[in-house]
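Right, one structure below, let's go through it.
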Amino acid sequence: MWLLAGTAAVRWHEDAAGLAEYFPGDLGDDPTPEEQLLAGMWERALQLDVESDMVYVLLDPGDVDDAGEWAVYCNAS
């Protein structure tokens, strides 16, 4: 990771890399709540990385704690 976005450069990820079909993989017939949560992250997250070597830093508005903080996920290939 070389550069994270400032407020002017943050953008919706909208599955720009096409990773939604691969992560978390086949959910099967009875996915856990955690698997369901991660499955939708790629389409709804804010992307914070601007310059990186295939590392995504995403803020997930679908994974919010009791204090209202959004979860941050990092994914590296």
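The values are calculated or read from the model by the stated rules, or taken from the named source; none is laboratory data. In this text the structure is predicted, and so the values were computed from the model without any measurement. Here Cβ is always computed from backbone atoms with ideal geometry, including for glycine, and neighbour counts include all displayed protein chains. Just the protein is used for accessible areas: all its heavy atoms, side chains included, with ligands, DNA and RNA removed. Shrake-Rupley method; radii C 1.70, N 1.55, O 1.52, S 1.80 Å.
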Checking residue 50 against (1) open to solvent by less than 60 Å² (accessible area, probe 1.4 Å); (2) modelled with pLDDT under 80, only one condition comes out false. Which one?
(1)
If residue 71 passes every condition in (1) of a type in the set (A, V, I, L, M); (2) surrounded by 12 or more Cβ atoms within 10 Å (Cβ to Cβ); (3) modelled with pLDDT under 90 but one, which one does it miss?
(3)
So is residue 42 free of Cβ contacts under 8 Å to residues at least 40 places away in the same chain, open to solvent by less than 40 Å² (accessible area, probe 1.4 Å) and of a type in the set (Phe, Trp, Tyr) or not?
yes
Go through segment 51-68 residue by residue and tally those that are in contact (Cβ under 8 Å) with a residue 40 or more places away in the chain and either more than 22 Å from residue 9 (Cα to Cα) or touching a helix residue (DSSP H, G or I) at 6+ places or on another chain (Cβ under 7 Å) (or both).
1
